[in-house]
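The values are calculated or read from the model by the stated rules, or taken from the named source; none is laboratory data. Treat the numbers as computed from the prediction; the structure is a model and nothing was measured. Every residue, glycine among them, receives a Cβ derived from its backbone with ideal geometry; neighbour counts consider all protein chains shown. Just so you know, the surface numbers come from the protein's heavy atoms only, side chains and all, with ligands and any DNA or RNA stripped out. Shrake-Rupley method; radii C 1.70, N 1.55, O 1.52, S 1.80 Å.
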Amino acid sequence: MTRSAGRVAAGLGRLLLAAWFVLPLVPLVLWGVADRWSAPAVLPQEWGLSGAEDALAQGAGPALARSVGLGGLVAVLATPLGALAGRALASRHLPAPAVVGAVLLSPLVVPPFVVAMGFDVLLLRLGIPAGAGVVLLLTVAALPYTTYVLRTAYGAYDPGFDDEARTLGASPRQVLHRVQVPLLAPALAAAAFLAFLVGWSDYVVTVLVGGGRLVTLPLLVASAASAVGNEAQVAALSLLTVLPPVALLLTVAGIGRRARQVLP
Amino acid sequence: MNGHLRLEGLTLRYGPRQEPALADVDLDVVAGSSVAILGPSGSGKSTLLRLTAGLEEPTAGTVVLDGVDLSGTAAEKRGMAMVFQRPLLFPHLDVADNVAFADRVRGVSRRAARRRAREFLDLVQLPGFDRRAPRSLSGGQEQRVALARALAAEPRVLLLDEPFSALDTGLREEMYELLDELRLRLAPTVLLVTHDHREADALGDTVAVLDGGRLLQSGPMRRLYTRPVSLAVSRLLGGRNEIAGQVRDGWHHSALGALRVTTPVANGPGVLVVRQEAVQLTAPDAVDADAPGTVVRVRRRGPRALITVEVGERGPVPPARVTAELGPGPALPVGRDVGVLLPVEELAVVAADPDAAMHQATEVVESADDGQR
């Protein structure tokens with residue numbers, strides 16, 4: 001009796017959690033396919049894709065490509081750097097690991113606005129192109145996430161695998177490619193995903209350092225949302241911002257699941 | 001598939017003021033032979049293997065393989081495969097790809113490498129396991145795959161780091177037999193370490209006893225059992241009998257009376273050691289008994305039993321206790337009077353002081369060798 005009641009409560013809890021995550025998306029999806037939806041009506045009065053068409057006309061396509069590029073570059077840079085830092089932190093050879101760890105996690109504490117304002121001046125003086133500056137700053141912002149994820153992964157990694165592979169004739173490079181990377185694949189995928197998100201969803205750094213010339217999806221969403229009366233376009237752009245990370249997340253979860261099937 | 005391995009003065013110090021983890025170890029492993037290093041945990045035996053494999057750099061000394069000094073040669077270029085206590089099968093590869101690992105890093109095609117892997121799986125009696133995932137295997141099967149993987153690398157020396165100590169007794173016996181068979185067919189040079197003197201005896205042609213980073217004694221296990229050079233060696237080999245006394249002109253005097261010692265030994269205090277398996281118990285009035293005594297303790301060990309006998313409780317010197325390990329037979333309850341018989345060829349005398357032990361006892365063994373020649 002109490003057991004089944006508990007099960008019902010747990011199910012209800014899960015349902016509420018799911019609703020909490022999914023509900024905000026429902027009006028977004030409805031707006032995305034609504035041509036007219038006035039206040040008292042529960043559902044749109046006219047259905048259509050004019051929101052998506054407007055978004056495309058505003059340059060959603062190239063902005064999507066820029067966002068993918070930015071997120072990808074940040075992931076490509078921050079993941080290996082995070083792996084190196086994570087491995088160093090997990091090894092016992094690092095002097096003052098607490099201090100090094102705190103420094104690496106500090107970008108989480110300092111507001112990005114402050115960093116961006118400060119670095120904007122510096123980057124301008126150094127003559128570094130705005131695009132490169134954005135990538136550089138976002139890579140630093142992503143490092144705490146990749147470092148943290150990979151430090152945990154390296155902490156759980158058995159260095160005996162490396163020793164075994166080397167006595168079997170594998171060079172350090174082969175050990176990396178044939179043993180470490182496959183065994184750490186789930187953590188690497190998770191770290192890369194987080195780094196991608198940092199680049200994908202950034203607004204502040206892209207605006208301040210990019211100087212408005214690097215128009216990514218978040219910039220497009222913000223400018224569309226600041227105007228009145230084009231909810232459909234904002235909804236279409238927002239969906240475009242939400243769906244790729246969700247798809248990526250499912251892929252990363254798939255890598256993790258596959259890895260768990262072979263790991264003991 | 002076999003090389004002649006020599007360790008010369010191998011020393012490892014972690015810091016200039018620290019005691020060395022390994023001190024000046026010399027060892028010769030003839031091609032095709034198997035040497036077991038026996039030592040308690042922390043004795044430096046795993047360190048010795050890691051230095052040999054090139055996974056760590058020695059502070060001093062060299063590893064020589066077939067006359068070539070391997071100093072500065074990376075682990076992957078030494079031609080030594082190692083099997084660890086944990087099987088360490090790569091979890092992202094199936095069994096055949098695990099065994100094929102050495103061939104694959106050598107550049108052999110996957111198909112050819114897997115074909116060879118299946119031959120090695122047959123060799124370790126795991127035919128048809130090639131597509132299995134490592135985590136679906138039992139502990140014994142995992143260690144067989146690890147062995148096949150090491151053998152498939154065709155190492156010139158096979159290094160085994162307590163490979164069977166995580167297995168239960170029955171499986172361990174099976175692995176001993178398997179290794180015997182593999183040695184007959186492939187004749188690999190084997191250097192293994194273990195903390196178990198029975199395992200050292202089962203797997204090694206010769207045994208080297210390591211304690212505190214130093215080699216105490218090496219030789220065939222039979223000789224180590226009957227002629228330990230020190231109390232430390234006797235204890236590491238599971239010896240239970242240590243009878244303090246005085247040596248005068250080749251005779252050891254203690255509560256057991258005067259016993260002749262066949263090996264040359266200096267006059268003065270000395271501890272008589274004798275394997276519990278060599279001690280015989282007779283009737284108290286038997287003519288050949290060396291001393292009469294009383295059973296004070298009985299410990300069952302399966303079909304065998306450890307019988308402790310106290311000798312000389314009425315004599316002028318403090319009484320001594322002798323333990324005999326006996327097979328099935330009539331029960332000897334506590335309180336029974338018996339006679340203790342110590343075969344003269346099984347007796348050895350070592351120094352009481354552990355520091356002085358090595359010195360004096362080495363001489364003992366060397367002169368014992370002379371006697372045998």
Estimated vicinal HN-Hα couplings, Hz - segment B:331-339 in sequence order (Karplus 6.51, -1.76, 1.60; Gly, Pro = x): 5, 10, x, 4, x, 5, 7, 9, x
Distance from segment A:42-56 to segment B:306-350 (C-alpha centre basis), Å: 101
A:VAL246-B:ASP180 pseudo-label distance in nm [points 7 Å out on the Cα-to-Cβ vector]: 6.6
Most mobile of B:SER138, B:SER218, B:SER165 in a GNM of chain B (Cα contacts under 10 Å): B:SER138
For segment B:89-121 versus segment A:184-238, the gap between their alpha-carbon centres in whole angstrom: 46
Estimated buried accessible area (total), pair B and A, 1.4 Å, Å² to nearest 100: 2200
Helix-only CD estimate at 222 nm, as mean residue ellipticity for chain A, using -39500 (n - 2.57) per DSSP H run (n ≥ 4): -25000 deg cm²/dmol
Antiparallel content of DSSP bridges confined to chain B, in %, to 5: 75
With all protein chains modelled, accessible area of A:MET117 [1.4 Å, Å²]: 90
In order through segment A:200-206: 3J(HN,Hα) via Karplus (6.51 cos²θ - 1.76 cosθ + 1.60), integer Hz, x for Gly, Pro: 5, 9, 6, 10, 4, 5, 4
Gyration tensor verdict on segment B:144-225 (Cα atoms; rounded if a/c is under 1.5, prolate if a/b is larger than b/c, oblate otherwise): prolate
Dipole magnitude of the protein assembly as shown, debye to nearest 20 (Cβ charges: Lys/Arg +1, Asp/Glu -1, about Cα centre): 1840
Residue (of A:ALA190, A:THR241, A:THR206) at the positive-pole extreme of segment A:161-254, dipole from beta-carbon charges: A:THR206
Other-chain or far-sequence residues with amide H under 5 Å of B:VAL279's (modelled H): B:GLU325
Segment A:243-250 - phi-based ³J(HN,Hα) in whole Hz, Karplus 6.51/-1.76/1.60, Gly and Pro as x: 5, x, x, 5, 4, 4, 4, 5
Cα-based convex hull, segment A:1-48, per residue volume (Å³, whole number): 89
Antiparallel bridges, percent of DSSP beta bridges restricted to segment B:5-221 (to nearest 5): 50
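Would you kindly calculate the translational diffusion coefficient of chain B, applying Stokes-Einstein with the Kirkwood radius from alpha carbon pairs, for 25 °C and a viscosity of 0.890 mPa s, and quote it in µm² s⁻¹ without decimals?
Rounded to a whole number, D works out at 107 µm²/s.
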Fraction of accessible area attributable to carbon and sulfur, segment B:5-221 (%, probe 1.4 Å): 46
Residue among A:LEU248, A:LEU217, A:LEU23 with the largest mean-square fluctuation in a Gaussian network model of chain A, springs linking Cα atoms under 10 Å: A:LEU23
At 0.890 mPa s and 25 °C, Stokes diffusion of the protein assembly as shown via Kirkwood alpha-carbon radius, µm² per second: 80
Three-way shape call for chain A based on the alpha-carbon gyration tensor, with the a/c threshold at 1.5: oblate
Dipole-positive endmost among A:VAL76, B:LEU27, B:HIS4 within the protein assembly as shown (Cβ charges, Cα centre): A:VAL76
Chain B: calculated mean residue ellipticity at 222 nm from DSSP helix runs of at least 4, using -39500 (n - 2.57): -8000 deg cm²/dmol
Gaussian network model of chain A, springs between alpha carbon atoms under 10 Å - residue of A:ARG151, A:ARG125, A:ARG36 with greatest fluctuation: A:ARG125
Segment A:1-141 - Rg and Dmax from Cα coordinates, angstrom: 23.8, 72
Accessible area of A:VAL242 in the full protein assembly, 1.4 Å probe (Å², nearest 10): 50
Whole-Å distance, taken between Cα centres, linking segment B:134-177 and segment B:225-258: 38
Viscosity 1.306 mPa s, 10 °C: Kirkwood-radius Stokes-Einstein D of segment B:1-121 over Cα pairs, µm²/s: 97
Beta bridges by DSSP in the protein assembly as shown, antiparallel share as percent, to the nearest 5: 75
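Kindly give Rg over Rh for segment B:5-221, based on alpha-carbon atoms, with the Kirkwood expression for the hydrodynamic radius.
Value, to two decimals: 0.97.
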Estimated distance in nm for a label pair at B:ASP168 and A:TYR203, the labels positioned 7 Å out from Cα along Cα-to-Cβ: 6.3
Surface per residue (accessible, 1.4 Å probe) for the protein assembly as shown, Å²: 49
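Using only the Cα atoms of segment A:158-239, what semi-axes does the equivalent ellipsoid have when each is the square root of 5 times a gyration tensor eigenvalue? Give whole Å, largest first.
Each semi-axis is the square root of five times an eigenvalue, giving 46, 14, 8 Å.
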Accessible area, probe 1.4 Å, largest first, for residues A:TRP47, A:TRP37: A:TRP47, A:TRP37
Sum of side-chain charges, A:ALA34 neighbourhood, beta-carbon under 11 Å (Lys, Arg +1; Asp, Glu -1): -2
